[in-house]
Amino acid sequence: MDSVPLNDLSRLTEAQRAEIVRAHAAVLSSGQFLNGPHIAGFAAELARFVGVRHVQPVGNGTDALELAIRALMPAGRNVVLTCANAGAYASVAARRAGFEVCFADIDPTTHCLDPERVRSVLSEQVGVVVVTHLYGRVCPLEEIRADARAVGARVLEDCAQSLGAATCEGRAGSLADASTFSFYPTKNLGALGDAGAVATQDDEVFDRVRTLHQYGWRGKYTIEVEGGQNSRMDELQAAVLRLRLPLLDDWNATRREIISQYAARAPRSVRVLPAEGPGHSGHLAVAETEHRSRFRAHLDQRRIHSDVHYPTPDHRQPAFAGAFARVSLPESERLSGRVVSLPVFPQLRADEIDRVGEALETFDS
Ligand SMILES: *Cc1c(COP(=O)(O)O)cnc(C)c1O
């Protein structure tokens, strides 16, 4: 029996092979590999899709976070506040930008930053609050935005997992001062390598990101802003992303449908986090159980792949350990020992979905 993969990117690339080859052949003939028409086209199309004025395509999602944090940080401040349960991307980006990181704990039901705990950590040193819409679920922003504004801090949405999710206010990525995206191949909108983007409604933030992403240049060869880097998306990636963006809403609906089938078949000892409705992109099918190792062994026996997003909270990452030794985030720590991700991607077959459902039903804690 074949195994059920967590993800299998070859299914989509095979289905789109002819279109991708045609698009890439045209890029090869054009001789334009960077800063060309696909980058401009993708930036405009993503801005329209998300509902923002500006998009700057960049090299990857972590660079997008670093650039957005640098662009948003008010003068005289140096702290980024974020959650510790989302893979440490924002922490890595903030520290690389030279800022300090502080954490707030999460709401154990949603796995999102808990607005009350954010309020208790906010201070006049905090310049940027990064809200990660984890697993694809749009986190509540209203209170965090109001509290951040009250102390002069700005809010950044990390939408690497939530592109396409929407609230009545608009899509994820249009709900705060700026937002970042990753098009890493396994994201809901994936490239054939690394790619990312920053989006914002704010002309000044956009100008800073655009400048910083290319050496600090405003025009060619003139460095007007210190702290620039080189982080460009290339035309070959943008060409693929333009083929795929129109399909994203349907793909996300399929992901949500798969997750709701798992939820319907989960035993009492396994809670599948809900991913219903437009407020969720269905990025990951995450379940929570106190019997994780036995549950994963049960999946293994049935040749069903699983993974953990994420096993180590940011403040316990070995490289940061010294900095956060005294930080305690009970919910983030507890849930990092309980979460487990099940296979979900739009090309997952009905028989494979059924095998995962059957494994859930037969798990006897
Ligand atoms: C994938 C991911 C990133 C980083 O994106 P890269 O393109 O791999 O740098 C950042 N934040 C979250 C929440 C992610 O899932």
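Numbers below:
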{"quantity": "Within segment 147-189, tally of residues that are more than 12 Å from the ligand (Cβ to nearest atom) and either at pLDDT below 95 or not hydrophobic (A, V, I, L, M, F, W, C) (or both)", "calculated": "12"}
{"quantity": "Criterion (open to solvent by less than 10 Å² (accessible area, probe 1.4 Å), within 12 Å of the ligand (Cβ to nearest atom) and not hydroxyl-bearing (S, T, Y)) met by exactly one of G87, G61, G127, G136", "calculated": "G136"}
{"quantity": "Given (1) in contact with a strand residue (DSSP E or B) (Cβ under 7 Å, 6 or more places away or on another chain); (2) within 16 Å of the ligand (Cβ to nearest atom); (3) closer than 20 Å to D105 by Cα; (4) open to solvent by 20 Å² or more (accessible area, probe 1.4 Å), index of the condition D307 fails", "calculated": "(3)"}
{"quantity": "Qualifying residue in segment 261-282 (condition: modelled with pLDDT under 95, surrounded by fewer than 16 Cβ atoms within 10 Å (Cβ to Cβ) and in a loop (DSSP other than H, G, I, E, B))", "calculated": "yes"}
{"quantity": "Where a residue in segment 265-284 is among the charged types (D, E, K, R) and its partner, wherever it lies, is open to solvent by 30 Å² or more (accessible area, probe 1.4 Å), with Cβ under 7 Å and at least six apart", "calculated": "R265/E361; E276/R256; E276/S260"}
{"quantity": "Search result, residues across segment 139-151 that are buried (at least 24 other Cβ atoms within 10 Å of the Cβ) and either part of a loop (DSSP other than H, G, I, E, B) or among the polar types (S, T, N, Q) (or both)", "calculated": "C139"}
{"quantity": "Given (1) out of contact with any Ser or Thr (no Cβ under 9 Å at 6 or more places or on another chain); (2) in contact (Cβ under 8 Å) with a residue 12 or more places away in the chain, index of the condition V21 fails", "calculated": "(2)"}
{"quantity": "Top-ranked residue in segment 221-259 [being out of contact with any helix residue (DSSP H, G or I) (no Cβ under 6 Å at 6 or more places or on another chain) and among the acidic types (D, E); ranked as most open to solvent (accessible area, probe 1.4 Å)]", "calculated": "E226"}
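To keep it simple, each residue is scored yes or no on (1) farther than 29 Å from G322 by Cα; (2) at pLDDT 95 or above; (3) part of a strand (DSSP E or B).
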{"position": "L46", "(1), (2), (3)": "yes, yes, no"}
{"position": "A84", "(1), (2), (3)": "no, yes, no"}
{"position": "G87", "(1), (2), (3)": "no, yes, no"}
{"position": "C102", "(1), (2), (3)": "no, yes, yes"}
{"position": "V118", "(1), (2), (3)": "no, yes, no"}
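The values are calculated or read from the model by the stated rules, or taken from the named source; none is laboratory data. Quick caveat, the model's predicted, so the values are computed rather than measured. Ideal geometry is used to build each Cβ from the backbone, glycine not excepted, and the neighbour counts take in all protein chains shown. Ligands, DNA and RNA are stripped out before the accessible areas are found, and what is left, the full protein with its side chains, is counted by its heavy atoms. Shrake-Rupley method; radii C 1.70, N 1.55, O 1.52, S 1.80 Å.
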